[in-house]
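Visitor: One structure, pasted below without further comment.
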Amino acid sequence: MSAPRPVFRFAPSPNGLLHLGHARSALLNAAMAEAAGGRLLLRIEDIDATRCRPDYEAAIHEDLGWLGLDWERPVRRQSEHLAEHAAALARLEAMGLVYASFESRGDIRRALENRPDWPHDPDGAPLFPFPRVATDEAERARRAAAGEPFALRLDMRRAAALARARGGPLDWREVPERGGEGETVTADPLAWGDVVIARKEVPTSYHLAVVVDDALQGVSHVVRGADLKAATSVHRVLQALLGLPAPLYTHHSLLLDDEGRKLSKSIGSESLAALRARGMTPDEARRRAGV
């Protein structure tokens, strides 16, 4: 019986137009899948209903087709699988690892006004400063039942301890984008504090949805930008708690603009559609993407 083919995936969010940084990630996934004799999936990560739009989703398909890429059908859309994410969340809740937090961004900012040395997570955001024990569970349940907005946070200290008890050391295998032996990376989940894994109105977050979807789709190789490498520590905790397999990971180098910033929708990096309108060819886009 032959071994299953490796599975790669490109998983953009339709909350803006793709740029050359996305092209780099998509092209690397395709190249590595081809080299490994594997499969390439496209997943639309559209759990943020306030920012994701159908026209952006259509543009993703157009841009990837223009680059000459192809992928398996049907395409998985996260918004169509919220029940599966909710089931994973319920399992974490049953372990006593999830709690509702009602503090706003303003509450967090005010709590840290005179604490300049307060630790920050790898993305630069301050760690959640309100300890779980500050509000008892009955009070949290009352406030949630009353309809107050809340985020559901993972009690990271408890979660990491239980994950290690269940699955041993928390680490992952990091494979270079250009091939080679790779290395084992030790996870550091406590660096993230009590991350948000769902909200009142949406039963998942990026962290939870991505590990559930990767497992359900049989993804064996996760190829994504280096800016997501640190987040793998959170993902490994969730995988260990939920009994999900750990893929091999490749966190590829990022494309930077003339000011040394990573290309990003949030700073208005020029889109593939705009470059195409200015006459860029697919070959030139691949060259500039470095793949």
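Visitor: If you take the alpha carbon radius of gyration of the range 81-213 and divide it by 2.2 N^0.38 Å, what ratio comes out, to two decimals?
Guide: Values: Rg = 16.7 Å, N = 133, 2.2 N^0.38 = 14.1 Å.
Computed over Cα atoms of the range 81-213, the ratio equals 1.19.
Visitor: Bins of 10 Å, beginning at zero and ending with the bin holding the largest distance: percent of Cα pairs per bin for the range 144-278, please.
Guide: Cα pair-distance distribution for the range 144-278, in percent: 10, 33, 31, 19, 5, 1.
Visitor: Taking the Cα centre of the range 87-184 as origin and charging only Cβ (+1 Lys, Arg; -1 Asp, Glu), how large is the dipole, in debye to the nearest 20?
Guide: Numbers: 16 positive and 17 negative charges, 70 e Å.
Dipole magnitude for the range 87-184 comes out near 340 debye.
Visitor: Next question. Sequence gap at least 6, Cα distance under 8 Å: using those rules, report the relative contact order of the chain to the nearest whole percent. Before the final figure, lay out the partial values.
Guide: Details: 443 pairs, mean separation 73.8, N = 291.
Here the relative contact order equals 25 percent.
Visitor: Here is a follow-up. Magnitude of the Cβ-charge dipole of the range 136-207, K/R +1 and D/E -1, about the Cα centre, nearest 20 debye? If you can, show how the numbers build up before the last one.
Guide: Numbers: 12 positive and 13 negative charges, 64 e Å.
Dipole of the range 136-207, to the nearest 20 debye: 300 debye.
Visitor: Treat each spin label as a single point 7 Å out from the Cα along the C-beta direction, and report the residue 133 to residue 34 distance in nm.
Guide: Modelled inter-label distance: 5.7 nm.
Visitor: Could you calculate the contour length gain from residue 257 to residue 157, that is, 0.36 nm times the residue separation minus the distance between their Cα atoms, to one decimal place in nm?
Guide: 32.2 nm
Visitor: State, in angstrom, two size descriptors of the range 17-75 derived from its alpha carbons: Rg to one decimal place and Dmax to the nearest whole number.
Guide: Final numbers for Rg and Dmax: 12.1, 38 Å.
Visitor: Nearest 20 debye, what's the magnitude of the dipole of the chain about its Cα centre given +1 on Lys and Arg Cβ and -1 on Asp and Glu Cβ?
Guide: The dipole magnitude comes to about 260 debye.
Visitor: Related question: D for the chain, whole µm²/s, Stokes-Einstein with Kirkwood Rh over alpha-carbon pairs at 20 °C and 1.002 mPa s: what number?
Guide: Reported coefficient: 105 µm²/s.
Visitor: Taking θ as phi - 60°, what are the ³J(HN,Hα) couplings along the range 270-284 by the Karplus curve (6.51, -1.76, 1.60), each to the nearest whole Hz, with x for Gly and Pro?
Guide: The phi angles translate into 4, 7, 4, 4, 5, 5, 5, 5, 8, x, 5, 8, x, 4, 5 Hz.
Visitor: For helix 54-66, report the angle its Cα long axis makes with the longest principal axis of the Cα atoms of the chain; keep it between 0 and 90° and round to the nearest 10°.
Guide: Helix 54-66 sits at roughly 40 degrees to that axis.
Visitor: I would also like to ask the following. For residue 227 and residue 166 in one chain, what is 0.36 nm times their gap in residues minus the Cα-Cα distance, to one decimal in nm?
Guide: 19.1 nm
Visitor: Continuing with the same structure: For residue 128, list long-range residues whose amide hydrogen, built 1.01 Å from N in the peptide plane, is under 5 Å from its own amide hydrogen.
Guide: 194
Visitor: Nearest 10 degrees is fine. How inclined is helix 206-216 to the longest principal axis of the chain, computing both from alpha carbons?
Guide: That helix lies at roughly 60 degrees to the long axis.
Visitor: Does anything in the range 273-291 have its amide N under 16 Å from the 7 Å Cα→Cβ label point of residue 53, and if so which residues?
Guide: Zone members listed by number: 273-274.
Visitor: Angle, helix 82-94 long axis vs. longest principal axis of the chain, Cα atoms, 0 to 90°, nearest 10?
Guide: 40 degrees
Visitor: I've got another one for you. Show the residues, 5+ positions off or on another chain, whose built amide H is closer than 5 Å to the amide H of residue 99.
Guide: It is 153, 155, by chain and number.
Visitor: Round to a whole angstrom and tell me the spacing of the C-alpha centers of the range 17-52 and the range 97-111.
Guide: The distance from the Cα centre of the range 17-52 to that of the range 97-111 comes to 33 Å.
None of the figures in this text is laboratory data; all of them are computed from the coordinates on show. Just so we're clear, the structure is a prediction, and the values are computed from it rather than from any experiment. Backbone-built Cβ (ideal geometry, glycine too); neighbour counts: all protein chains shown.
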